[in-house]
Amino acid sequence: MEIKIKNINFGEKTIKIKSGTVKDLIKALGTNDDSVIFVDQSGKICTIDENLEGHDCLTMVEVFSGG
């Protein structure tokens with residue numbers, strides 16, 4: 001399965017994953033699941049256990065906190 005990822009830092013890239021959940025996508029990207037949120041084309045936030053079948057493009061939003 002191929003998913004196109006849009007991000008302000010790297011623009012667009014296509015990621016290939018074997019199975020289709022947001023958690024699998026996060027692993028393929030090598031990032032921390034606490035530091036990103038994925039949003040589909042309709043503006044809906046994708047939960048970590050959501051199946052990505054039917055999603056061909058997601059926006060990755062990096063989450064930062066500080067104090």
Which of (1) basic (Lys, Arg); (2) in contact with a strand residue (DSSP E or B) (Cβ under 8 Å, 6 or more places away or on another chain); (3) not in a strand (DSSP E or B) is the odd one out, the single condition Lys18 does not satisfy?
(2)
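Table: residues versus (1) in contact with a Phe, Trp or Tyr (Cβ under 6 Å, 6 or more places away or on another chain); (2) surrounded by fewer than 14 Cβ atoms within 10 Å (Cβ to Cβ); (3) of a type in the set (Gly, Ala, Ser).
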| position | (1), (2), (3) |
| --- | --- |
| Glu2 | no, yes, no |
| Asn9 | no, yes, no |
| Ser19 | no, yes, yes |
| Val22 | yes, no, no |
| Leu29 | no, no, no |
| Val39 | no, no, no |
| Asn51 | no, yes, no |
| Leu58 | yes, no, no |
| Phe64 | no, yes, no |
Please go through (1) out of contact with any Lys or Arg (no Cβ under 8 Å at 6 or more places or on another chain); (2) part of a loop (DSSP other than H, G, I, E, B) for Ile48 and return the number of the only condition it doesn't satisfy.
(1)
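Where a number appears in this text, it was derived from the coordinates with a stated rule and is not lab data. Worth saying up front: this structure is predicted, and the values here are computed from it rather than measured. Heads up, the Cβs are rebuilt from the backbone with ideal geometry, glycines too, and the neighbour counts pull from every protein chain shown.
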